[in-house]
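The values are calculated or read from the model by the stated rules, or taken from the named source; none is laboratory data. Source: prediction; values computed, not measured. All Cβ positions, even for glycine, are placed from backbone atoms using ideal geometry, and neighbour counts span all protein chains on display. Note: accessible area is taken over every heavy atom of the protein model, side chains too, but ligands, DNA and RNA are not part of it. Shrake-Rupley method; radii C 1.70, N 1.55, O 1.52, S 1.80 Å.
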Amino acid sequence: MGYIIVRSQSQTCLNQFLLVTLLVSVGLADMYVTVLDKNDHAPRFLQIFHTEVSEDAPIGSTVIQITSTDEDIGENAVISYTIVNNQSSSVRFPFAIEKTSGSLVIVQTLDREIQSRYIIKVIANDSAWSIGTDVTVDISDINDNSPVFSQSQYAVTITETKNQGIFVMQVKASDADIGQNGQILNTTVIVTIVPYNYFAPIFLPFSPVLHIPYNLDVGTTVIQLSAVDEDYQSRATAVEYTAIGGNASVFFEVDIYSGQVRLKDFLRQSLNTILTLIVLAKDKGMPPLSSETNVNFVITEKNRFSPRFSEPLVLFLAPEDVPVGFVIGRVHAEDKDDGINGLLSYAFKSGNDNELFSIGQTSGLITLIKGLDYEIKVVHLLCVIAKDGGWISETGELNVTVVVEDMNDNPPVFSTMEYRALVSENAPLGTTVTQVKASDRDSGANAEITYSLLTGDQDLFSVDSKNGTITTRDMFDFEVHQAFELSVKASNTGTLAHFSVVHVYIQITGLNEFVPKFGKSQYNFTVSESMPAGTRLGKVSATDYDLGPDGELFYMLIGPSKRAMFNIDKHSGEIFITGDLRKHSHTPVVLQILAKNRGSINGTDIDETLVWVNVLDANDPPKFHFEQYIAEISEDCALGALVTQVQAEDQDSKIEWRHFFYRIERGNTNRSFTIHPVTGDITANAFLDRERWPVYNLTVTAIDSASPPATGSTNVVVMVQDVNDNAPMLYSTEVSVLENQPYGTVVTILNASDADISPNQGPFTYQLLKPVVGSGFSLTLDGILSTTQPMDFHRGHFCQGEWQTVGLLRSLGILQCAGGVRSGICIYKIISYELMIYIYIHATQCILVFVHFCKQRLNTYMFHAIFQLPSCYNCPLSRWCLPKWGGVPGPLEPPLLPVS
């Protein structure tokens with residue numbers, strides 16, 4: 001038994017294989033010693049961390065990544081990061097650090113105006129050692145604050161002036177932002193220029209003396225003063241009122257804004273005295289101007305008695321033709337009070353709604369101010385009120401009746417503006433034509449009316465003077481005279497006679513005295529059998545000597561002619577084709593036509609004629625059974641498959657015109673179809689592809705053998721039915737994923753398309769080809785590709801498996817081909833900031849080897865073999881294929897390493 005004792009500790013031996021050669025009695029022996037790591041080194045920060053972030057950076061943004069190193073290996077080198085928050089506990093700290101990656105992220109909205117710099121204490125811990133560093137984060141400013149004025153509102157008013165450079169005011173504003181964001185570039189100051197005050201207020205007229213009873217209650221408004229200012233005509237509050245003197249100022253006050261004068265003290269000791277109040281009106285102009293006025297008060301006794309009329313009712317008569325200004329009458333009342341309390345005024349209380357009358361305010365005279373009209377209103381009932389002059393006035397009332405007397409002042413008025421009447425020709429003498437009526441709004445003798453003919457054919461008509469009945473004095477012939485016009489006068493018989501005139505229009509109506517007569521007893525027309533329905537054949541004409549409606553003619557087909565494919569316009573006599581004439585092409589058609597007027601048919605008031613129609617034969621095109629054919633066929637049908645059959649007929653009388661053949665004229669894309677010229681069978685002539693040509697719109701013709709030939713056509717719509725002949729295709733086959741993302745990170749959501757249509761199109765399911773457990777990726781049936789473990793760019797976490805894994809890496813954009821294939825080995829490389837990674841993928845064993853440069857020794861390579869070769873396989877890389885995640889430094893390049 002032998003012991004091997006460690007005499008010294010060498011850092012260079014860590015994580016290395018040591019070869020020890022032992023000499024024993026029987027020979028030499030090699031022994032490998034593995035040196036295990038101990039957590040005897042603390043993490044180290046290799047730089048000072050300082051960064052800047054904008055205050056509008058969104059929550060979740062990464063500010064900076066904190067990195068550190070640990071000379072230990074394995075679990076002893078796993079470092080976690082935390083923050084020691086030195087901020088006030090009342091303010092939420094806006095940053096957090098990801099424990100494993102060291103990414104400093106924003107967890108709360110930043111505001112530079114609240115705090116512009118953060119010094120963050122970050123601790124790195126490898127489970128045994130802890131070390132801290134300060135991370136400085138400066139918050140950069142954005143323009144997120146508006147300038148704020150020192151006052152919420154500025155107001156300045158100056159008068160109009162011609163001077164320049166006058167100081168108006170100064171405004172100040174500040175902005176919480178800094179730099180250019182805090183610059184206040186401009187602002188707006190609105191200065192109101194008001195007109196110069198040229199005019200003082202002027203009091204509006206008011207009663208110069210007011211009589212106030214001594215017992216008036218305190219607080220009563222006695223007068224409303226108003227002043228106007230030409231500078232402020234549209235502003236009611238531009239003037240202020242003030243009492244400035246007078247012996248009445250002890251008893252009265254003035255409202256400063258409204259100008260109301262109110263009693264403020266009792267007047268009992270001032271009976272029968274005169275008081276004066278001086279009031280000042282001052283405007284608000286620049287400069288302010290004012291004016292004064294005096295208000296005089298006479299203090300009187302209280303009002304004790306009411307006015308009284310001597311009679312309760314007064315009656316006045318007035319002819320309706322009296323002129324405006326006529327005095328209808330006078331009313332009078334008395335009051336026992338003295339002075340102003342006994343001074344009476346008169347007014348209408350009711351009844352004068354139309355304002356026909358006026359009354360003297362002091363005289364009581366009732367005067368006509370508008371014309372009277374007996375026919376509108378006969379009696380007017382007025383109520384007159386007498387009012388005394390007391391401060392609290394008393395009143396008395398009187399009912400006045402005005403009766404209007406009728407005068408002959410209205411003319412007769414006819415019931416209509418004109419009259420119209422009908423008289424039949426040959427009517428006997430004395431036939432009543434019509435009766436005119438007029439009315440008169442006057443009454444009695446003034447309303448009696450007589451009628452007479454004023455103008456017109458007075459020898460042919462007469463009118464009854466009493467009742468207005470118009471009668472004939474002769475017989476009339478409609479073919480000689482059709483209308484007459486009379487003027488009838490209606491007059492009243494009053495003292496001043498009035499009259500009106502109305503026009504009477506008399507229409508003579510005709511009798512059906514004549515019968516129709518055709519100009520020919522027979523008409524002859526020739527027409528081709530090919531003429532379509534609606535074609536005009538010709539015209540027949542008859543004559544009737546009656547005038548008016550009795551001479552209006554009507555044409556009609558009678559007998560078998562009604563069923564002969566023709567029709568006749570009943571007013572014009574034009575004959576039109578209404579059907580197919582081919583069956584009449586060998587024999588003429590005879591039409592029997594009758595002409596009649598508005599009278600009833602009795603056999604003696606009509607006329608008839610014959611129309612011979614010679615129908616000529618014509619070459620007609622073949623006619624298909626249908627105007628459009630619709631067919632469906634599958635896109636995988638065989639060549640020669642029947643699509644559909646079209647059929648046509650030719651009804652020409654000549655045998656040589658009946659022969660025809662079929663042909664496809666248009667729409668036969670790619671010559672996909674062919675048609676049998678005799679049977680009309682349409683068959684597939686080429687392989688169909690619905691994705692290229694889903695619908696064919698064919699024009700098929702049938703051409704006969706005539707010279708020139710006639711052609712008929714139809715439309716054939718062929719719809720190609722879909723079969724599932726297209727595989728789904730991904731929209732995108734290249735994506736990327738960041739390293740250190742947590743488990744379950746969604747890499748991409750796959751989307752595919754299919755050129756087929758439903759039901760051969762979707763929904764799609766997705767799956768990995770030959771999935772391998774622990775490959776690092778998973779794919780759901782609905783296409784969500786996600787990670788099953790964190791990805792490490794430096795360690796090369798790739799899926800173990802076969803070629804599908806490499807294909808997946810290539811589709812994700814991770815691998816870039818660095819060279820061709822040497823000895824069955826595909827070479828890929830990944831370039832990062834500090835290292836170069838080569839991935840060797842053997843064509844049969846799928847060996848992945850990561851190669852990168854060590855930072856300390858530029859001539860040394862580090863190899864990490866993800867997969868271990870079977871021991872039986874002789875691979876040129878086998879000396880680097882150590883157990884998983886093992887590493888061996890070597891001074892030599894690995895074989896097949898491409899030159900960068």
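Numbers below:
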{"quantity": "Per residue value of the accessible surface for segment 44-140 (all protein chains in place, 1.4 Å probe), Å²", "calculated": "55 Å²"}
{"quantity": "Across 539/596; 370/437; 264/387; 349/377; 562/596, pairs whose alpha-carbon gap is larger than 25 Å", "calculated": "370/437; 264/387"}
{"quantity": "Overall form of segment 199-348 per C-alpha gyration tensor (a/c, 1.5; a/b vs b/c)", "calculated": "oblate"}
{"quantity": "Accessible area of residue 99 in the full protein assembly, 1.4 Å probe (Å², nearest 10)", "calculated": "130 Å²"}
{"quantity": "Rounded if a/c under 1.5, otherwise prolate or oblate - segment 517-616, Cα gyration tensor axes", "calculated": "prolate"}
{"quantity": "³J(HN,Hα) computed for each position of segment 695-701 - Karplus, 6.51 cos²θ - 1.76 cosθ + 1.60, integer Hz, glycine/proline x", "calculated": "9, 10, 10, 8, 9, 10, 10"}
{"quantity": "Given charges at beta-carbon only (K, R positive; D, E negative), |dipole| of segment 308-405 in Debye", "calculated": "80 debye"}
{"quantity": "Local net charge near residue 64, Cβ-Cβ under 13 Å (Lys/Arg +1, Asp/Glu -1)", "calculated": "-4"}
{"quantity": "Probe 1.4 Å - accessible area at residue 286, Å² to nearest ten", "calculated": "80 Å²"}
{"quantity": "Extended-chain gain in nm, criterion 0.36 nm per residue less alpha-carbon gap, residue 170 and residue 214", "calculated": "10.0 nm"}
{"quantity": "Residues whose placed amide H lies under 5 Å from that of residue 777, excluding near-sequence neighbours", "calculated": "788"}
{"quantity": "For segment 504-511, Karplus couplings with θ = phi - 60° (6.51, -1.76, 1.60), whole Hz, Gly/Pro x", "calculated": "10, 9, 10, 9, 8, 9, x, 10"}
{"quantity": "Computed label-point distance, nm, for sites residue 34 and residue 598 using a 7 Å Cα→Cβ extension", "calculated": "12.9 nm"}
{"quantity": "Proximal charge balance of residue 657 [Cβ under 11 Å; K/R count +1, D/E count -1]", "calculated": "-4"}
{"quantity": "Cα centroid separation - segment 726-772 against segment 200-251, whole Å", "calculated": "93 Å"}
{"quantity": "Among the listed pairs 172/284; 517/654; 570/623; 172/282, those beyond 32 Å (Cα-Cα)", "calculated": "517/654; 570/623; 172/282"}
{"quantity": "Exposure rank, largest accessible area first [714, 765, 416; 1.4 Å]", "calculated": "765, 416, 714"}
{"quantity": "Alpha carbon centroid spacing (whole Å) that separates segment 103-167 from segment 418-489", "calculated": "106 Å"}
{"quantity": "Shape category assigned to segment 623-721 from the gyration tensor of Cα positions, a/c cut at 1.5", "calculated": "prolate"}
{"quantity": "Mean Cα-pair separation over length for segment 726-790, i.e. relative contact order, pairs under 8 Å, 6 or more apart, %", "calculated": "38 percent"}
{"quantity": "Cα-centre dipole for segment 413-509 with unit charges at Cβ (Lys and Arg positive, Asp and Glu negative), debye to 20", "calculated": "380 debye"}
{"quantity": "Local net charge near residue 179, Cβ-Cβ under 12 Å (Lys/Arg +1, Asp/Glu -1)", "calculated": "-2"}
{"quantity": "Carbon and sulfur %, accessible surface of segment 623-721 computed with the full protein complex present, 1.4 Å", "calculated": "49 percent"}
{"quantity": "Accessible-area composition of segment 44-140, carbon plus sulfur, in percent [1.4 Å probe]", "calculated": "49 percent"}
{"quantity": "Segment 378-393-segment 652-670 distance, computed between alpha-carbon centres (Å)", "calculated": "110 Å"}
{"quantity": "Accessible surface ranking that places the most exposed of 344, 454 first, with a 1.4 angstrom probe", "calculated": "454, 344"}
{"quantity": "Karplus (6.51, -1.76, 1.60) ³J(HN,Hα), θ = phi - 60°, over segment 675-684, in Hz, Gly and Pro reported as x", "calculated": "10, 6, x, 9, 7, x, 6, 9, 10, 6"}
{"quantity": "1.4 Å probe accessible area per residue over segment 202-300, in Å²", "calculated": "53 Å²"}
{"quantity": "Average accessible surface area per residue within segment 413-509, 1.4 Å rolling probe, Å²", "calculated": "54 Å²"}
{"quantity": "Contact order normalised by residue count of segment 623-721, Cα under 8 Å, 6+ apart, percent", "calculated": "38 percent"}
